[in-house]
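The values are calculated or read from the model by the stated rules, or taken from the named source; none is laboratory data. Note that the coordinates shown come from a computational prediction; the quantities given were computed from them, not determined experimentally. When we count neighbours, we look across all protein chains shown, and the Cβ atoms used for this are built from the backbone with ideal geometry, even at glycine.
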Amino acid sequence: MIKSDEGYIKFNLNWEEKSFDFSDKDFHEINSCRQKLYEAGFIGAYPDGIGFGNLSVRYNKNQFIISGSATGNFKNLSKNHFALVKDFDISKNNIQYVGLTKASSESLSHAAIYNSNSEVNAVIHIHHKGMWNTYLNDLPTTDKKAEFGTPEIAIELAKLANLPSGIIIMGGHPEGIISYGKTIEKAYNILIEYFNKS
């Protein structure tokens, strides 16, 4: 059962509400992957309108571009549906970002992975009940006490982000799965590989 606070932002945010410039090439790369995830049902919205799923790409050092909060409600995205996370403090549950949309409620989870593994340049977070049930505690799994959008889940993810599997089951976040890789394509391929096996 999905918690009633699913999809809501729990971190402290410093939001610079203005557009930021990123190249058409970068936008096409992240958005084309997002479109495939949306069409497969890995990203979307529940009947109550709460959106789920997001993805990001490393932008500069530990900065990253991430799909915005509640964008799972939209079939097609524009550049304005993405935010640039410029800085973060996991211990204080704090992020600083710029964009015309609120950064995803999972931004600190993405931040923890980028901060922990310099080889990772893309992170995908999806929801899939079948995969989650199949791989819970079989693949690397976070502590079930660590809830989404908290410093605890970020710390858990940081511990697991250097494992070669490239995929993490979020034990305290029913249906939540994260994949990561050197490119968005590799993160997507890892996800599909495990999906096909499930």
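Annotation: residue 110 fulfils all but one of (1) closer than 25 Å to residue 186 by Cα; (2) without any contact (Cβ under 8 Å) to a residue 60 or more places away in the chain; (3) assigned to a loop (DSSP other than H, G, I, E, B); the unmet one is (3). Across the stretch 126-149, the number of residues qualifying as in contact with a Gly (Cβ under 9 Å, 6 or more places away or on another chain), farther than 10 Å from residue 175 by Cα and surrounded by fewer than 20 Cβ atoms within 10 Å (Cβ to Cβ) comes to 7. Taking residues in the stretch 125-146 that are closer than 21 Å to residue 33 by Cβ, and partners anywhere that are among the acidic types (Asp, Glu) and crowded, with 20+ Cβ neighbours inside 10 Å, the pairs with Cβ atoms closer than 6 Å and at least 6 places apart or on different chains are 125/106. Here is the figure for the stretch 168-187: residues that are farther than 19 Å from residue 67 by Cβ and in contact with a Pro (Cβ under 8 Å, 6 or more places away or on another chain) total 1. The residue pairs whose first member lies in the stretch 36-65 and is buried (at least 23 other Cβ atoms within 10 Å of the Cβ), whose second member is assigned to a loop (DSSP other than H, G, I, E, B) and of a type in the set (Asp, Glu), and whose beta carbons are closer than 6 Å, counting only pairs six or more residues apart or on different chains, are 54/106. Scanning the stretch 175-198 for residues that are touching a helix residue (DSSP H, G or I) at 6+ places or on another chain (Cβ under 7 Å), outside any helix (DSSP H, G or I), surrounded by fewer than 23 Cβ atoms within 10 Å (Cβ to Cβ) and modelled with pLDDT of 95 or more yields 175, 181. If you go through the stretch 22-54 and keep only what is in a strand (DSSP E or B) and within 12 Å of the chain's Cα centre (by Cα), you end up with 52, 54. The set of residues in the stretch 75-123 that are surrounded by fewer than 21 Cβ atoms within 10 Å (Cβ to Cβ), modelled with pLDDT of 95 or more and under 12 Å from residue 154 (Cβ atoms) comprises 115, 116. Is there any pair linking a residue in the stretch 23-34 that is in contact (Cβ under 8 Å) with a residue 24 or more places away in the chain and of a type in the set (Val, Ile, Thr) to one that is part of a helix (DSSP H, G or I) and surrounded by 16 or more Cβ atoms within 10 Å (Cβ to Cβ), with Cβ under 8 Å and at least six apart or on different chains, and which? Going by the 8 Å Cβ cut-off, the qualifying pairs are 30/184.
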